[in-house]
1. Can you say whether ASP72 is out of contact with any helix residue (DSSP H, G or I) (no Cβ under 9 Å at 6 or more places or on another chain), acidic (Asp, Glu), free of Cβ contacts under 8 Å to residues at least 60 places away in the same chain and surrounded by fewer than 18 Cβ atoms within 10 Å (Cβ to Cβ), as far as the supplied structure shows?
2. Could you tell me which of the residues LEU107, LEU87, LEU9, LEU71 is assigned to a helix (DSSP H, G or I), over 21 Å from GLN137 (Cα atoms) and at pLDDT 95 or above?
3. Scan GLU110, GLU100, GLU142 and give me the residue that is farther than 27 Å from ALA28 by Cβ, open to solvent by less than 50 Å² (accessible area, probe 1.4 Å) and out of contact with any Phe, Trp or Tyr (no Cβ under 7 Å at 6 or more places or on another chain).
4. Just to be sure before I move on: is SER85 among the hydroxyl-bearing types (Ser, Thr, Tyr) and either within 26 Å of ILE30 (Cβ to Cβ) or touching a helix residue (DSSP H, G or I) at 6+ places or on another chain (Cβ under 6 Å) (or both) in the structure I sent?
Amino acid sequence: MGEYDEKQLIEKAVEYLQPVKLIDVQIASIKEEINQLRANLTSMGAIDYSKDRVTGGGTPQGLEGSVARFLDTVAERDKRIDELSKLKCDAITKIDALDEKLGAIILRYEFILNNTTEDAYKMIGCYSTKQAKRYKQKALLEFGRKLVL
């Protein structure tokens, strides 16, 4: 894997964690998208969602293909929610496994719960910002080392 200096390890950790901050927002937007797709399906006619594919004798030409595309898109969007959820759960597991516990709390508040860095620092209690930064740096360094092992 090669040797990494501390700065590179911290960068790797941030690179991994930064997208996690947006996962809840992404999932919410995808759910909204799914609701719209289902509304489109409903407006096309009464659809039986319990079936994988829409079948039926009286379906006008082309409508069945549109319905199938909508259902495929809903399935793809559901799959994306699963992928995002897994990424977030993996990040939570990695943070929970850190030995640097105060730093882990900061990472949890900042990246998992999407708080500002300053608010995350406040969550560990009466430590100065300088101390809090050190705890965060230690946690990011440990996180980065675990990523490259």
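1. Working: out of contact with any helix residue (DSSP H, G or I) (no Cβ under 9 Å at 6 or more places or on another chain): yes; acidic (Asp, Glu): yes; free of Cβ contacts under 8 Å to residues at least 60 places away in the same chain: yes; surrounded by fewer than 18 Cβ atoms within 10 Å (Cβ to Cβ): yes.
Yes, satisfied.
2. On the way: LEU107 fails: over 21 Å from GLN137 (Cα atoms); LEU9 fails: over 21 Å from GLN137 (Cα atoms); LEU71 fails: at pLDDT 95 or above.
So the residue among LEU107, LEU87, LEU9, LEU71 that is assigned to a helix (DSSP H, G or I), over 21 Å from GLN137 (Cα atoms) and at pLDDT 95 or above is LEU87.
3. None of the others qualify; the one that does is GLU142.
4. On the way: among the hydroxyl-bearing types (Ser, Thr, Tyr): yes; either within 26 Å of ILE30 (Cβ to Cβ) or touching a helix residue (DSSP H, G or I) at 6+ places or on another chain (Cβ under 6 Å) (or both): yes.
Yes, satisfied.
The values are calculated or read from the model by the stated rules, or taken from the named source; none is laboratory data. For clarity, every value in this text was computed on a predicted model and none was experimentally measured. Note that each Cβ is placed from the backbone with ideal geometry, even for glycine, and that neighbours are counted across all protein chains shown. Side chains are part of the model used for accessible areas, which takes the heavy atoms of the whole protein and leaves out ligands, DNA and RNA. Shrake-Rupley method; radii C 1.70, N 1.55, O 1.52, S 1.80 Å.
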